[in-house]
Amino acid sequence: MLMLKKDNRFEPKMELFKWLMEMTGVNMIKAAGGLVWRDSVQGREVAVIHRARYGDWTLPKGKLKPGEDWSDAAIREVKEETGYDVRLQSFAGKVSYRVGDAQKEVQFWNMMPIGDSKFEASEEVESVMWLSVQKALEVLDYEGERDLLRKMALDS
């Protein structure tokens, strides 16, 4: 809704401004990550990370750098957070949610690890675990990520 000022100029309300920012993507946080899969003697497993700073279990992901492609960011972030080089297999889907006044969109790819992990615990990521889909669904803290994992597990 617009308000008429005394000098006959229009001044947008904050809600309209926020809506326009969201619709144009100006206030959008872009991130990418991966569902990293492996086959083990226990069956199919997915990599999840524990972030000490947030005290949460999540899929590996992170923000795009300026000018970076979504899939390139996903590969980079997965390597930074898990220590694995990976090969992209297919687009898995996206998860969107609010972070303060911004909308965050995370695009995920199905990936396979290449070689051994060079993971080292850091301030950002405390540990990486390989879990069955069922166990990952129990420990992941974010509903959107659980929904995506559930969908990918059913599609495979």
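Of these, TYR84, TYR142, which one is touching a residue at least 40 places away in the same chain (Cβ under 8 Å), aromatic (Phe, Trp, Tyr) and in contact with a helix residue (DSSP H, G or I) (Cβ under 7 Å, 6 or more places away or on another chain)?
Of the residues listed, the single one that is touching a residue at least 40 places away in the same chain (Cβ under 8 Å), aromatic (Phe, Trp, Tyr) and in contact with a helix residue (DSSP H, G or I) (Cβ under 7 Å, 6 or more places away or on another chain) is TYR84.
THR58 is checked against (1) closer than 24 Å to SER127 by Cα; (2) surrounded by fewer than 18 Cβ atoms within 10 Å (Cβ to Cβ); (3) of a type in the set (Ser, Thr, Tyr); (4) under 14 Å from the mean Cα position of the chain (by Cα) and fails just one. What number does that condition carry?
Looking at each condition in turn, THR58 falls short on (2).
Quick check on my filter: what residues within segment 98-132 are among the basic types (Lys, Arg) and either under 17 Å from LYS79 (Cβ atoms) or exposed (fewer than 14 other Cβ atoms within 10 Å of the Cβ) (or both)?
ARG98, LYS118
Does ALA73 satisfy being outside any strand (DSSP E or B) and modelled with pLDDT under 95?
no
Scan segment 103-139 for residues that are without any contact (Cβ under 8 Å) to a residue 60 or more places away in the chain and part of a loop (DSSP other than H, G, I, E, B) and jot them down.
GLY115, ASP116, SER117, LYS118, PHE119, GLU120, ALA121, SER122
The values are calculated or read from the model by the stated rules, or taken from the named source; none is laboratory data. Everything numeric here is computed off the predicted structure, so don't read it as measured data. Neighbour counts run over all protein chains shown; Cβ positions are idealised from the backbone, glycine included.
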